[in-house]
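One structure below.
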Amino acid sequence: MKKSRIEYARHGIQITLSIFLLYIGWQFYKFVMYYEGQMSTFSSRPPSVEGFLPISALMSLRLWLSSGMLDPIHPAGLVIFIAALLTAFLLRKGFCGWLCPIGALSEALGIAGAKVGVQLAMPKALDVILKAIKYLLLGFFAKIIFLDMPVQAVYFFLQNDYNKISDVKMLKFFINLSGTGLAVLVILVVASVFFKHFWCRYLCPYGALLGVLALVSPMAVQRDQSYCIDCKKCDQSCPSALKVSSTKRVYSPECVGCLNCVDVCPKEKALEIRLGKWSVSSKVFGAMVMVIFFGVILWAKTYGYWETSITLEEYSKLIPLSRLMGH
Ligand code: SF4
Ligand code: SF4
């Protein structure tokens, strides 16, 4: 199927952001290697790497909600997390469809699979069972962090040395990938080629949380039956394999707000993204996702809640010790 105009725009944003994150990753690698004695030139640590620490961010959120305290260890992680939650609350899973680099990679692999003609439809019963996995993972983490752990335990976890260098541990996990880790990665890549959005649809607890919030989002794709000609182009374009053509309003927590369906629909007014009774154009929707997400980050930077309180002296002591700390 031909790419829609909004898909071009969305993919452009996803690619730009992915390149930016690769650059961030490289900067962070140099920062860590400097303290490991592998590089002679100092590189500063980019706070955005904390976006890859969702468990720590969930704990920071718990601390904030329970005590009003803002975690000074990984503030950028919490800010990015809140920005994604806010986007989902207002604009469905716009973060997944427009900004998430893992979502972008998952989608790209699915597109590659479709291009070479190996994409498969997941059998319905298996699809339902597999979709439950990400909600179970979300429930598991939410239970431990919000119900089982007293707030003091959350506070002490956030303050401990392991959490302080959890970003360093994450980097090392990927650069020294074990045989098992590599096998899991290969399985995920292959599965994503054969099945659309495999990671996002079945395994990502972050996306599951955004999907739950998106259920109360005032925005949704809506179909007006009186204009619809039942061509099913919307169904074919949906990366989440939703049956848009047989619904009046897409309530599904799986909708990533990509708006492919709206853009490919040949009949004016048959399919629109609406805020109440107002129709919102795809371009405006995409712009809103970016303004809300990056607006929160800009706000946090302006008010000084972005940089970690960990000093360079602490990093110089902790990073060489990181290999002694288990996962
Ligand atoms: S229903 Fe439309 S907006 Fe939602 S994921 Fe499918 S194609 Fe994208
Ligand atoms: S693409 Fe538009 S006209 Fe075709 S089935 Fe979907 S809503 Fe109806």
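The values are calculated or read from the model by the stated rules, or taken from the named source; none is laboratory data. Here the structure is a predicted model, which is why all the values come from computation and not from measurement. Reconstructed Cβ throughout: ideal geometry from the backbone, glycine too, with neighbour counts over all protein chains shown.
Check every one of the helices (runs of 4 or more DSSP H) wholly within the stretch 3-105 and list those with 2 or more residues that are more than 26 Å from residue 147 (Cα to Cα) and in contact with a strand residue (DSSP E or B) (Cβ under 8 Å, 6 or more places away or on another chain).
Correct list: 75-91.
Looking only at residues that are crowded, with 20+ Cβ neighbours inside 10 Å and part of a strand (DSSP E or B) in the stretch 233-272, which one is farthest from ligand 1 (Cβ to nearest atom)?
My answer is 272.
Residue by residue, here is whether (1) over 20 Å from residue 7 (Cβ atoms); (2) modelled with pLDDT of 95 or more; (3) among the aliphatic types (A, V, I, L, M) holds:
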residue	(1), (2), (3)
281	no, no, no
294	yes, yes, no
300	yes, yes, yes
326	yes, no, no
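Here's the yes/no breakdown for (1) more than 16 Å from ligand 2 (Cβ to nearest atom); (2) hydroxyl-bearing (Ser, Thr, Tyr); (3) free of Cβ contacts under 8 Å to residues at least 40 places away in the same chain:
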site	(1), (2), (3)
227	no, yes, no
244	no, no, yes
254	yes, no, no
259	no, no, no
292	yes, no, no
324	yes, no, yes
